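Presented below is the structure to which this report refers.
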Amino acid sequence: MLRYVGGRLLLLLITLWLISTMTFVLMHSIPGDPFTSEKKLPEQTLKALKAKYNLDKPLPQQYLLYIKNLATGDLGISIKTPNRTVNEMLEDGFPVSARLGLQAIVIASLAGIVMGMIAAVRQNRPADMILMFIAVLGISIPSFVLGPLLQKYFGLKWELFPLAQWGDGFWGEFKFTVLPSIALAFTPLALVTRLMRSSMLDVLGNDYIRTAQAKGLPPLRVLTRHTLRNAIIPVVTIMGPLVVGILTGSFVIEKIFSIPGIGKYFVESISTRDFSVIMGVTIFYSGLLILMNFFVDLVYGLIDPRIKLGEKEAG
Amino acid sequence: MAVLEVHGLHVSFDTYNGEVKAVRGVNFSLDKGETLAIVGESGSGKSVTAQSIVRLIPSPPGRIKAGEILFDGKDLTQVDKKEMYHIRGSEIGMIFQDPMTSLNPTMTVGKQIMEGLIWHQSYGKVQALQRAVEMLRIVGIPNPEKRVYQYPHQYSGGMRQRAMIAIALACNPRILIADEPTTALDVTIQAQILDLMKDLQEKTETSIILITHDLGVVAEMAQRVAVMYGGTIVETGGVEDIFHRSRHPYTWGLMKSLPRMDQKQEDELESIPGSPPDLLSPPQGCPFADRCPYAMQICHEEMPEQTKVSDSHQVFCWLEHPAAPKVNDLKVNILSK
Amino acid sequence: MGIPAHKFQRVERKAEQYEAIRRPSVSYWQDVWRRLRSNWLGMTGLIIISLLVLMAVIGPWISDYTYYEQNLLEEKNLEPSSEHWFGTDDLGRDVFTRTWYGARISLIIGIAAAMIDLFIGVLYGGIAGYKGGRTDEVMMRIVDVLWGLPYLLVVILLLVVLEPGITTIIIALTVTGWLNMARLVRGQVLQLKNQEYVLAARTLGANTKWIMFKHLIPNTMGPILVLLTFSIPQAIFAEAFLSFLGLGVQAPIASWGTMVDDALVVILSDEWWRLFFPSFFLGLTLLGFNALGDGLRDVLDPKMRK
Ligand SMILES: Nc1ncnc2c1ncn2[C@@H]1O[C@H](COP(=O)(O)OP(=O)(O)OP(=O)(O)O)[C@@H](O)[C@H]1O
Ligand SMILES: [Mg+2]
């Protein structure tokens with residue numbers, strides 16, 4: 001077990017190092033430097049700027065400095081707004097993004113599990129067809145299309161939810177987060193629903209369900225005690241990709257709803273080519289995701305007794 | 001005295017291709033403490049018959065079309081769901097073929113035994129746990145105090161089947177339905193499991209319906225045998241009747257496919273040529289007619305009626321008809337060709 | 001009893017005749033096609049895709065306009081009409097032409113990316129699975145590490161740096177896109193490697209490559225085809241997503257993503273057609289490929305095969 005966790009952590013670090021190095025190499029492979037596109041700056045200022053960002057040093061040294069800073073959690077300073085550090089931006093933006101993301105994950109996984117369950121139990125009946133239709137919509141309608149639609153109809157036309165502001169306190173903010181959370185959760189919700197449905201059907205066809213029925217347990221008990229737990233296992237495995245989807249989805253949703261989260265900073269930094277912010281956000285999110293996947297694996301090992309963490313899978 | 005009587009049972013599955021008539025008019029009865037074996041080749045409707053008794057056929061697509069299943073004077077095809085839940089597990093227990101897949105992989109074996117006890121006999125947790133340990137000991141699992149807390153994947157195949165027996169017998173059911181309980185196990189373990197079932201039966205006077213392909217198992221375990229073919233029972237009788245005085249050509253075929261001690265190595269086991277009838281559109285006559293070496297025109301046209309050979313022995317075959325030629329003559333005829 | 005005596009005549013058994021009636025032997029692909037045809041989900045997907053491909057080819061061609069032609073003075077934001085079937089945008093460009101031009105871009109990118117994924121994945125996974133042992137372990141460790149990288153973030157990073165354009169997008173999408181395919185192919189190859197006919201071919205002295213192509217690849221086709229079908233909409237979605245963020249194809253080239261991005265103003269105004277048409281056909285494309293993938297999975301699933 002310990003060895004397994006250790007191994008996984010090592011893999012995690014390697015992946016993190018890889019992405020950091022990759023970002024570094026990519027960012028430095030652009031011809032010129034981040035300031036070439038800028039209006040003609042006086043020679044003096046340019047030099048000062050370069051010194052500030054260590055751009056005057058040889059590349060290997062820059063790389064070492066960069067890795068050293070990363071290791072201490074320092075992501076550097078924004079190039080375009082030099083009075084802000086990337087860490088500050090992340091600190092500002094993360095609570096907002098995290099909240100949105102968490103709400104979306106909760107909606108997608110809970111509602112998805114329930115919907116998939118109902119669809120499976122009512123296989124080929126009206127409820128199943130309606131739910132599967134919703135799931136098909138979810139897979140076909142990207143968040144960047146759903147977002148504007150929700151905004152236009154639920155926000156502006158019918159004025160059910162306020163837009164373009166960000167209030168105070170948990171409940172103060174809540175009503176602003178409803179629409180973006182839904183837009184963000186829709187596709188993942190569809191994926192979870194479909195997976196849960198097929199996984200339930202799979203489990204329902206298993207011999208041990210028949211054993212449980214042969215014991216005389218009523219359907220509800222068979223469902224809660226034997227079907228659900230086994231059906232949820234595959235759903236847990238897509239939690240990683242799900243979180244990735246929601247994180248990247250938040251880039252466009254925060255842009256559409258003007259939400260001051262990390263995604264908005266990121267999209268802005270892309271259009272202004274603010275490389276240090278792009279690098280910082282990429283590394284931060286990658287780290288988060290890699291960590292997420294690690295935890296998902298641990299949880300997976302906990303709910304499925306057949307999986308012994310650290311042992312090579314047998315047969 | 002019969003604990004269970006099945007009369008005219010018809011079971012069908014509604015599939016895309018049409019109605020699969022899996023069981024077509026099955027009759028049998030089961031006495032207290034008796035073991036009835038149901039034999040027949042794959043697809044003959046053995047499992048469907050067994051599962052219909054406790055209404056466990058998947059529905060849809062399956063449904064019991066007609067017939068009575070009398071248990072304690074109650075017709076199980078008619079009782080309401082609640083009562084059925086009570087009967088399943090506590091009055092009639094079941095064991096399935098594949099112990100590898102018949103246990104829930106994410107629940108400890110102990111919990112799987114306790115579940116029925118808590119549900120049917122309103123045992124408390126502690127009591128149920130004690131009983132689970134006791135059941136595991138009875139079915140011969142070493143170190144049961146520890147094993148109750150283990151998951152099925154920590155058990156071997158034979159142990160899992162023992163655990164299945166423990167689950168099925170935990171509530172002291174009056175009938176045990178065992179659907180090919182040993183098919184998936186290797187020979188030595190097979191024998192152990194059968195011994196165990198026999199032992200337990202003697203102690204508890206449980207009646208057993210044993211479904212199997214294996215006539216060796218039948219000889220060892222059963223007092224009576226029902227031979228199924230194409231969704232019908234073609235012959236029933238005591239073990240002696242079926243093994244030594246069988247009257248149905250299909251049963252003869254089955255016997256020939258049984259390996260015998262006196263058989264020489266080079267003699268191949270005979271199998272019956274042809275394939276079982278299509279249950280989507282079953283033949284109107286005897287289901288075996290297409291493969292029967294003695295088939296007559298009538299066999300293809302009409303279902304044979306029951307002939308009582310003795311009180312315990314019945315057969316469904318046109319050869320029993322007084323107008324039919326004697327089988328011995330036929331045999332000679334075929335051989336001389 | 002009233003049964004006439006002749007009915008008790010022995011008749012030849014029919015079993016011999018029965019043996020003769022076997023299913024006509026059909027090739028694997030014929031069989032797949034036959035079953036796909038009776039799978040409504042898969043067929044719906046196939047029909048949608050065929051129509052979209054058809055329109056992507058002839059759509060821009062049958063229209064009287066081009067995707068880049070602007071008419072700022074007279075034809076800004078026109079509603080759909082007999083002149084402009086899908087209306088015009090804020091630069092007076094014909095939305096019909098742009099939508100089908102966007103379809104071309106989406107389909108080209110989706111299919112090209114999927115094909116490259118397929119090529120790399122089959123090669124990489126095939127080698128890893130076939131060689132096995134140490135080679136396999138090292139190759140798969142590399143995949144594990146790359147697997148941890150968040151797909152779209154890597155793509156974004158590449159696009160920020162590289163010269164924008166269709167080729168760039170395809171390359172960026174395939175940089176980590178092939179991992180899935182490689183894993184799948186490796187698993188399949190490992191499974192099939194020890195099956196009898198391959199062992200038999202090997203003992204008969206067939207050489208490695210021959211075995212690979214003659215047996216392994218065709219036998220892994222089913223799951224590969226399913227994954228391929230699902231990876232096309234993924235790439236199409238990614239392209240639209242990136243174009244929406246301004247990282248995809250550059251103006252004036254029309255892509256569904258950029259069209260939706262440009263149309264965001266309709267949240268405040270009423271030019272619904274500008275958002276509707278690109279979104280609708282993007283959605284339809286995603287739907288079509290997903291439906292086909294589901295259908296193929298049903299059809300190719302060996303568990304369902306009789
Ligand atoms: N869910 C179902 N849907 C359609 N047909 C079914 C279903 N279950 C069983 N059948 C059909 O019912 C017939 C009898 O099946 P059954 O399982 O009782 O055979 P069996 O005698 O138990 O065979 P085996 O020895 O292989 O277990 C078969 O022809 C089978 O195709
Ligand atoms: Mg069976």
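The values are calculated or read from the model by the stated rules, or taken from the named source; none is laboratory data. Small disclaimer: the values here were computed from a predicted structure and weren't measured. Methodologically, a virtual Cβ is constructed for each residue, glycine included, from the backbone with ideal geometry; neighbour enumeration extends over all protein chains shown. To get the accessible areas, we keep the full protein, side chains included, count just its heavy atoms, and leave off ligands, DNA and RNA. Shrake-Rupley method; radii C 1.70, N 1.55, O 1.52, S 1.80 Å.
Quick check, is residue B:25 within 16 Å of ligand 1 (Cβ to nearest atom) and either of a type in the set (Asp, Glu) or within 14 Å of another protein chain (Cβ to nearest Cβ) (or both)? No: the conditions fail for residue B:25.
Among the listed residues B:155, B:151, B:123, identify the single one that is aromatic (Phe, Trp, Tyr), free of Cβ contacts under 8 Å to residues at least 40 places away in the same chain and touching a Lys or Arg at 6+ places or on another chain (Cβ under 9 Å). Write out each step before concluding.
Numbers: B:155 fails: free of Cβ contacts under 8 Å to residues at least 40 places away in the same chain; B:151 fails: free of Cβ contacts under 8 Å to residues at least 40 places away in the same chain.
One residue alone meets the criteria, B:123.
Do the conditions hold for residue A:93, that is, is it touching a residue at least 12 places away in the same chain (Cβ under 8 Å) and assigned to a helix (DSSP H, G or I)? Taking the combined requirement at face value, the residue satisfies it.
Any chance you could count how many residues in the range B:45-73 are on the phi < 0 side of the Ramachandran plot, more than 15 Å from ligand 1 (Cβ to nearest atom), open to solvent by 10 Å² or more (accessible area, probe 1.4 Å) and in contact (Cβ under 8 Å) with a residue 60 or more places away in the chain? Total meeting the criteria: 2.
Tally time: how many residues in the range B:290-309 are within 12 Å of chain C (Cβ to nearest Cβ) and part of a strand (DSSP E or B)? Explain how you work it out, then say what you get.
Taking the range B:290-309 as the starting set, the residues that turn out to be within 12 Å of chain C (Cβ to nearest Cβ) are B:290-302, B:304-305.
Still in the running and part of a strand (DSSP E or B): B:296.
Total satisfying the criteria: 1.
For the range B:144-166, which residues satisfy the criterion of being away from every other protein chain (no Cβ under 13 Å), buried (at least 19 other Cβ atoms within 10 Å of the Cβ) and in a helix (DSSP H, G or I)? Before you say what the answer is, go through the steps one by one.
Kept after step one, since they are away from every other protein chain (no Cβ under 13 Å), are these residues of the range B:144-166: B:144-148, B:156, B:158-159, B:162.
Narrowing further to those that are buried (at least 19 other Cβ atoms within 10 Å of the Cβ): B:144, B:147-148, B:158-159, B:162.
Within the range B:144-166, B:144, B:147, B:158, B:159, B:162 meet the criteria.
Return yes or no: is residue B:110 assigned to a helix (DSSP H, G or I) and touching a helix residue (DSSP H, G or I) at 6+ places or on another chain (Cβ under 6 Å)? Answer is yes for this residue. The range C:166-261 holds helices (runs of 4 or more DSSP H) entirely within its bounds, and those carrying 2 or more residues that are under 25 Å from residue C:295 (Cβ atoms) and at pLDDT 80 or above map to C:166-177, C:179-193, C:221-244. Checked against the criterion of being part of a helix (DSSP H, G or I), within 28 Å of residue A:116 (Cβ to Cβ), basic (Lys, Arg) and facing another protein chain (nearest Cβ under 7 Å), the range A:229-247 contains one or more residues that satisfy it.
Can you name every residue in the range A:248-270 that is assigned to a helix (DSSP H, G or I) and touching a residue at least 40 places away in the same chain (Cβ under 8 Å)? Don't jump to the end; show me each part of the working.
Quick first cut of the range A:248-270, residues assigned to a helix (DSSP H, G or I) only: A:248-256, A:262-270.
Those that are assigned to a helix (DSSP H, G or I) and touching a residue at least 40 places away in the same chain (Cβ under 8 Å): A:249, A:250, A:252, A:253, A:254, A:256, A:262, A:263, A:264, A:265, A:269.
State yes or no: is residue B:112 open to solvent by 50 Å² or more (accessible area, probe 1.4 Å), away from ligand 2 (no atom under 16 Å from the Cβ), polar (S, T, N, Q) and at pLDDT 85 or above? Step through it out loud before you land on a result.
Values: open to solvent by 50 Å² or more (accessible area, probe 1.4 Å): no; away from ligand 2 (no atom under 16 Å from the Cβ): yes; polar (S, T, N, Q): yes; at pLDDT 85 or above: yes.
No: the conditions fail for residue B:112.
In the set (1) of a type outside the set (D, E, K, R); (2) open to solvent by less than 60 Å² (accessible area, probe 1.4 Å); (3) touching a helix residue (DSSP H, G or I) at 6+ places or on another chain (Cβ under 6 Å), residue A:211 fails one condition alone, (3). Might you let me know whether the range B:84-102 holds any residue that is more than 10 Å from every other protein chain (Cβ to nearest Cβ) and open to solvent by less than 30 Å² (accessible area, probe 1.4 Å)? No - not one qualifying residue is present in the range B:84-102.
If you go through the range C:117-127 and pick out every residue that is in contact with a Lys or Arg (Cβ under 9 Å, 6 or more places away or on another chain) and modelled with pLDDT under 90, you end up with 2. Out of all the residues in the range A:275-288, is one or more under 30 Å from residue A:75 (Cα atoms), over 17 Å from the mean Cα position of the chain (by Cα) and not in a helix (DSSP H, G or I)? No. The single residue among B:287, B:276, B:283 that is part of a loop (DSSP other than H, G, I, E, B), out of contact with any Lys or Arg (no Cβ under 9 Å at 6 or more places or on another chain) and either modelled with pLDDT of 80 or more or under 26 Å from residue B:66 (Cα atoms) (or both) turns out to be B:283.
Taken over the range B:191-214, the criterion of being within 16 Å of ligand 1 (Cβ to nearest atom) and either surrounded by 19 or more Cβ atoms within 10 Å (Cβ to Cβ) or of a type in the set (D, E, K, R) (or both) is satisfied by B:209, B:210, B:211, B:212, B:214.
On the stretch given as the range B:169-189, residues that are at pLDDT below 85 and away from ligand 1 (no atom under 16 Å from the Cβ) total 4.
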